[in-house]
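The values are calculated or read from the model by the stated rules, or taken from the named source; none is laboratory data. Given the structure is predicted, the values throughout are model-derived calculations rather than measurements. Because the Cβ atoms are built from the backbone with ideal geometry, glycine has one as well, and the counts that use them run over all protein chains shown. Only protein heavy atoms, including side chains, enter the accessible area calculation; ligands, DNA and RNA are left aside. Shrake-Rupley method; radii C 1.70, N 1.55, O 1.52, S 1.80 Å.
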Amino acid sequence: MGKVRIDNIRVYAHHGCLKEETAIGSEYRVDVSVDADLSKASLSDALSDTVDYVHINHIVKQEMEIPSKLLEKVGQRIITRIFDEIDIVNKAKIWVSKINPPIGGDVEKVTIVIKEKRVY
């Protein structure tokens, strides 16, 4: 078993419950960690035998482009696509952070975390 992490994927997106949030948009950070059997890739040296982090980055950017009220919804869409599109992934954990959220205080970010295991 092994782990592939993609840290600090930065995107500008339009999520939130307030009309202003979806109109103006804001900065987000997404981190992804997936568990997979990487033993075959360690021997073959073939991209097809491992988790392609370029593919994960593409999934994150596409899903972040779809406006949602809740970060939980965006995070779940990302995890669902990872499991649907990358067969080698057994577990996934995602952090979606809104930078400088409009919550009436000096807050760097708010983050939701979702983790799942593949169901066989």
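Tabulated values for the structure
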read-out	value
Flag if VAL51 is modelled with pLDDT of 95 or more, under 16 Å from ILE112 (Cα atoms) and of a type in the set (A, V, I, L, M, F, W, C)	no
Residues of the stretch 64-111 satisfying the condition of being touching a helix residue (DSSP H, G or I) at 6+ places or on another chain (Cβ under 8 Å), of a type in the set (D, E, K, R) and closer than 27 Å to MET1 by Cα	ARG77, ARG81, GLU85
Residue check for ASP52: loosely packed, with under 13 Cβ neighbours inside 10 Å, farther than 17 Å from CYS17 by Cβ and without any contact (Cβ under 8 Å) to a residue 40 or more places away in the chain	no
Flag for ILE82 being modelled with pLDDT of 95 or more, hydrophobic (A, V, I, L, M, F, W, C) and loosely packed, with under 13 Cβ neighbours inside 10 Å	no
Subset of the stretch 24-40 [hydrophobic (A, V, I, L, M, F, W, C), at pLDDT 95 or above and either over 14 Å from GLY75 (Cβ atoms) or open to solvent by 40 Å² or more (accessible area, probe 1.4 Å) (or both)]	ALA36, LEU38
Residues of the stretch 77-107 satisfying the condition of being in contact with a Phe, Trp or Tyr (Cβ under 8 Å, 6 or more places away or on another chain) and without any contact (Cβ under 8 Å) to a residue 60 or more places away in the chain	VAL89
Counted residues, the stretch 67-92 - those being out of contact with any strand residue (DSSP E or B) (no Cβ under 8 Å at 6 or more places or on another chain), within 19 Å of SER48 (Cα to Cα) and not in a loop (DSSP other than H, G, I, E, B)	3
Residue within the stretch 1-20 that is among the aliphatic types (A, V, I, L, M), farther than 21 Å from PHE83 by Cα and in a loop (DSSP other than H, G, I, E, B) present	yes
Among residues of the stretch 8-23, those that are open to solvent by 70 Å² or more (accessible area, probe 1.4 Å) and under 15 Å from LYS69 (Cβ atoms), counted	5
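So that you can scan it fast, the table gives a plain yes or no per residue for (1) closer than 19 Å to ILE86 by Cβ; (2) outside any strand (DSSP E or B):
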site: THR22; (1), (2): no, yes
site: GLU27; (1), (2): no, no
site: VAL30; (1), (2): yes, no
site: SER33; (1), (2): yes, no
site: SER42; (1), (2): yes, yes
site: SER48; (1), (2): yes, yes
site: ILE56; (1), (2): yes, yes
